[in-house]
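Reviewing the structure listed below.
No lab work stands behind these numbers, since they all come straight from the coordinates. Here the structure is a predicted model, which is why all the values come from computation and not from measurement. Don't worry about glycine lacking a Cβ; one is built from the backbone with ideal geometry, like all the others, and counts go over all protein chains shown.
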Amino acid sequence: MTDKTIDSVAPDAEDAEMNLAPGEASSERVRGIFAQIAGRYDLFNILSSWGIDRLWRRKTVRLAGVRKGDRVLDLCAGTGDLSLAIARSTDAAEVVGSDFVPEMLEVAERKLERYSGSAKVSFCVVDAQSIPFPDESFDVVTVAFGVRNIPDRAANFNEVHRVLRPGGRYVILEFSRPVFAPFRWFYHFYLRLVIPALGGLLTGDRPSFTYLNDSIRRFPPQAALSAELREAGFDAITWHNLSMGIAAVHIASK
Ligand SMILES: C[S@@+](CC[C@H](N)C(=O)[O-])C[C@H]1O[C@@H](n2cnc3c(N)ncnc32)[C@H](O)[C@@H]1O
């Protein structure tokens, strides 16, 4: 666990103090949350999704269609699982994993010590709303469970469009909206009750997990996210529902 702490106040009080709606992202709030939970993030993921998050990342790598020699930028890489999965199971020449919370990247760096594939892999501190790489410098940009936490999504989409080569793809794995209503009701019940309780138990920081729950419910469903990507200049946008739409992979081409 990191030694950084944030006050464990009731989420409503915190939202009001920061002038935010429940589940609304701000860079300050998101940095605080992930710095606080970095050391337990992987364990929480495995327990809360029953390990399914790994299958979703694997599927995302397959759908990303990374080709031999590609340069890949993984945004909001956190503890590095998607970056390393791409490096291990594609013929990419280089994978750059990036995140704006150094505590999350410290966990990724420790995993990198055990990596021995042929793709070059590095991790760096980057805000996904202002990407410090030249125009048209990547073939594929990926993001897993990060877009939901970016306050200015339009800025991120514009930046990704800028750094992608013509024909390049933005591949987004994110929580989405289950299509079958009774299943959706059950899932939202699970989110509301189990996620804050389990997160609170593992990290002592229940408010952060209440935010994560609210942020999932606030996030635009599949078609609305596609419309935002189109607005930013992407085309040939498709999505693939995972686990009945609990999550979805959107693929948008430049
Ligand atoms: C839920 S975690 C996902 C981590 C990883 N991609 C995974 O699949 O497990 C979200 C990550 O997004 C990062 N993040 C949120 N907003 C960001 C931003 N504006 N720029 C860069 N990273 C951001 C957080 O620091 C956090 O590590």
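With runs of 4+ DSSP H residues as the only contributors, calculate the mean residue ellipticity of the chain at 222 nm using -39,500 (n - 2.57) per run, divided by the residue total and rounded to the nearest 500. Don't jump to the answer; show the numbers that get you there.
Details: 10 runs with 118 residues, N = 254.
For the chain, the value works out to -14500 deg cm²/dmol.
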Item to complete: Would you give the gap between the C-alpha center of region 134-157 and the C-alpha center of region 159-232, rounded to a whole Å?
Response: 15
Response to the item:
Of all DSSP beta bridges with both partners in the chain, the antiparallel percent, nearest 5, is 40
Response to the item:
Per the charge dipole of region 11-253 (beta-carbon charges, Lys/Arg positive, Asp/Glu negative, Cα centre), the residue among Thr90, Ser48, Pro102 reaching farthest to the positive end is Thr90
Response to the item:
Given Cβ charges of +1 for Lys and Arg and -1 for Asp and Glu, the option among Ala252, His240, Phe133 whose Cα lies farthest towards the positive end of the dipole of the chain is His240
Item to complete: Rounded to the nearest 10 degrees, what's the angle between the helix 52-64 long axis and the longest principal axis of the chain, both from Cα atoms, 0 to 90?
Response: 30
Worksheet entry | Loop trypsin sites (Lys or Arg not before Pro), region 65-141, which have at most 15 other Cβ atoms in a 10 Å radius of their Cβ (DSSP) | Arg67, Lys68, Arg114
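Counting other beta carbons within 10 Å of each Cβ, put Trp50, Trp56 in order, fewest first. Could the numbers behind the result be given before it?
Working: Trp50 7, Trp56 21.
Least to most surrounded, the residues fall as Trp50, Trp56.
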Worksheet item: What list of whole percents do you get for P(r) of the chain, with Cα-Cα distances grouped in 10 Å bins up to the one holding the largest distance?
Response: 7, 32, 39, 20, 3, 0
Discussion item. Mean-square fluctuation check for the chain, GNM, Cα pairs under 10 Å: which of Pro166, Pro207, Pro221 is largest?
Written reply: Pro166
Fill in: Given charges at beta-carbon only (K, R positive; D, E negative), |dipole| of the chain in Debye
1120
